[in-house]
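Taking it in order: structure first as structure tokens, then the write-up.
Just so it is clear, none of the values below were taken in a lab; they were calculated from the coordinates. Please read all numbers here as calculations on a predicted model, not as lab measurements. In this analysis, Cβ positions are derived from the backbone assuming ideal geometry, glycine residues included, and neighbour counts consider all displayed protein chains.
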Amino acid sequence: MSFVRKQVDTESGFGQELRELRELRGWSSDQLSKTTGIPLFVIQSLEEERLEELRDPSYVERHVRSMVKALDGRVSYFLHKYRMLLERDGHRQGSEQLNFLARLRKSSLFVPSKYFLLLVPLPLALVVGWYVWRQADDLASVPRLEVTAPAENAAVADPRVTVTGLTNPMANVTVNGAPAVVQADGQFKIQISVPRGTTKLTVVARRRYGNQSQLVRYITYNPEYAPAVLDTKTLRPATTTANTTGTNDILKTKDAP
């Protein structure tokens, strides 16, 4: 049995040793990319030590960790080699540990597209909230109710009485239980019949799912009669003439032999 012995070159670079480890495991770059989910160009850039093609070489350290684990290599050794490569190319200052969270700037947390997506539905949410609040307030509040005619304690000469007033356009109005017609501007009008004497008018404005308002009016129906009036001045001379004629006849009768 023969063994293949590989001479270890301590001066070999990070990229070369990473490529040799991949080839030793019999993996291609495409297989390593599919297994780890790391883009193919990142693997090629690391093996060829073209760090300038990487957007953030320090952030790529996690990719190095994933690749070495997948290839069953020594993670600490390859990380050390990679950090030395960063120091050589000037991507690191001093002995600061490469920590993504430590190197992350506050400005990197601001992603305009995400904030824009949050701001777009905000006005819509405000409009919907205002509309819901208005509907709830309308349902909870008492509807407006004014009666413009007839006046309180009014005396009418016609049994057909017209009741008018003002309320909310969405309210239902009844007068003594009879529904009135409510216009778009809130004005309502209804004509009802009243009996002779005093009548109580109960006007109610009610919301469909809310409270109600109520006003009461008292009116009096007094029918007007116009009977014929005798003219006493015209009838008096006729009576006098008749009486005089009758008296003369009596006198003549008494004077006759």
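Peptides 121-129, 159-167: what's the order by average Cβ count within 10 Å, highest mean first? Let's see the in-between values first.
Details: 121-129: 9.7, 159-167: 17.4.
Per-residue Cβ counts within 10 Å, averaged per peptide and sorted highest first, yield 159-167, 121-129.
Taking segment 22-54 and a reference point 7 angstrom along Cα→Cβ of LYS69, the backbone N atoms nearer than 15 Å belong to 35-38. Ordering GLU20, GLU52 from the fewest to the most neighbouring beta carbons within 10 Å gives GLU52, GLU20.
Assuming R0 = 41 Å, what is the FRET efficiency of GLN135 and VAL156, from their Cβ-Cβ distance, to the nearest 0.05? Mind dumping the intermediate values first?
Values: r = 41 Å, r/R0 = 0.99.
Calculated value: 0.50.
Taking a Cβ cut-off of under 13 Å around PRO159, the surrounding Lys, Arg, Asp and Glu residues balance to a net charge of 0, with basic ones at +1 and acidic ones at -1. For segment 15-46, the list of trypsin sites (Lys or Arg not before Pro) that fall in a loop by DSSP and count at most 15 other C-beta atoms within 10 angstrom reads ARG25. Note on LEU215 and SER193: the model spin-label points, each 7 Å out from Cα along the C-beta direction, lie 2.6 nm apart. Applied to segment 41-50, the Karplus parametrisation 6.51 cos²θ - 1.76 cosθ + 1.60 on θ = phi - 60° returns per-residue 3J(HN,Hα) values of 5, 5, 4, 5, 5, 5, 5, 9, 6, 9 Hz, with x for Gly and Pro. Fewest-first ordering of ILE192, ILE38 by other beta carbons within 10 Å of each residue's beta carbon gives ILE192, ILE38. By the count of neighbouring beta-carbon atoms within 10 Å, fewest first, TRP130, TRP27 end up ordered TRP130, TRP27.
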